[in-house]
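K.L.:
One structure coming up, written as structure tokens, with questions to follow.
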Amino acid sequence: MARRTQKVGICGKYGTRYGATLRKLLRKVEVQQHSKYTCVFCGKDSVKRVVTGIWKCGSCDKTQSGGAFVLATPAATSVRSNISRLRKARAEN
């Protein structure tokens, strides 16, 4: 297939509508949600978004919950690190 867009990428489908700034923000979100992520169970880059917040590994068929557009949200990552830090502190005492 011929290359259709030079700068706009996946947001070329919107044409000149909605403004450049909104299309740039939307491009960032759409690229994140359509990319493949690493599976925490099998280690392969085969986790894809099924619907909002549901992610499925194509290799090991495990289903995970996550963010709407990205598998691990920054808030979830910070919560996970805080929980592991508190567990480690409790184990030492």
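K.L.:
Restricting to lysines 8 or more places apart or on different chains, can you count the pairs in the chain with Cα atoms under 16 Å from each other?
P.N.:
13
K.L.:
If you plug each phi of region 12-29 into the Karplus form 6.51 cos²θ - 1.76 cosθ + 1.60 with θ = phi - 60°, what whole-Hz ³J(HN,Hα) values come out, in order, with x for Gly and Pro?
P.N.:
Karplus values, whole Hz, x for Gly and Pro: x, 5, 8, x, 9, 7, 6, x, 5, 5, 5, 5, 5, 5, 5, 4, 4, 5.
K.L.:
For the chain, modelled as a Gaussian network with Cα springs under 10 Å, which listed residue fluctuates most, Ser35, Ser81, Ser46?
P.N.:
Ser81
K.L.:
On a full-extension model of 0.36 nm per residue, what is the gain between Leu26 and Thr5, subtracting their alpha-carbon distance, rounded to one decimal in nm?
P.N.:
6.0 nm
K.L.:
Let me ask something else about it. Scale the Cα Rg of region 2-45 by the rule-of-thumb value 2.2 N^0.38 Å and send over the ratio, two decimals.
P.N.:
For region 2-45, the normalised Cα radius of gyration comes out at 1.51.
K.L.:
Given the options Arg49, Arg23, Arg80, which has the most mean-square fluctuation in a GNM of the chain, springs set between C-alpha atoms less than 10 angstrom apart?
P.N.:
Judging by the Gaussian network model, the answer is Arg80.
K.L.:
Is the shape of region 51-93 rounded, prolate or oblate, going by the alpha carbon gyration tensor and its root eigenvalues a ≥ b ≥ c, with a/c under 1.5 for rounded and a/b larger than b/c for prolate?
P.N.:
Oblate is the answer for region 51-93, as a/c is 1.5 or above yet b/c matches or exceeds a/b.
K.L.:
In whole Å, what are the extents of the chain along the principal axes defined by its C-alpha atoms, from largest to smallest?
P.N.:
So the three principal-axis extents are 61, 31, 20 Å.
K.L.:
Taking the full set of protein chains and a 1.4 angstrom probe, give the accessible area of Ser78 in square angstrom, rounded to the nearest 10.
P.N.:
50
K.L.:
Quick one: net charge of Val70's neighbours, Cβ under 13 Å, K/R +1, D/E -1?
P.N.:
Residues near Val70 contribute +3 overall.
K.L.:
Taking every Cα atom in region 29-83, find the radius of gyration and the maximum pairwise distance Dmax, and write them in Å.
P.N.:
In order Rg, Dmax, the Cα atoms of region 29-83 give 10.9, 30 Å.
The values are calculated or read from the model by the stated rules, or taken from the named source; none is laboratory data. Since this is a predicted model, take the numbers as computed values, not measurements. Note that each Cβ is placed from the backbone with ideal geometry, even for glycine, and that neighbours are counted across all protein chains shown. In case anyone asks, the SASA skips ligands and DNA or RNA and just uses the protein heavy atoms, side chains included. Shrake-Rupley method; radii C 1.70, N 1.55, O 1.52, S 1.80 Å.
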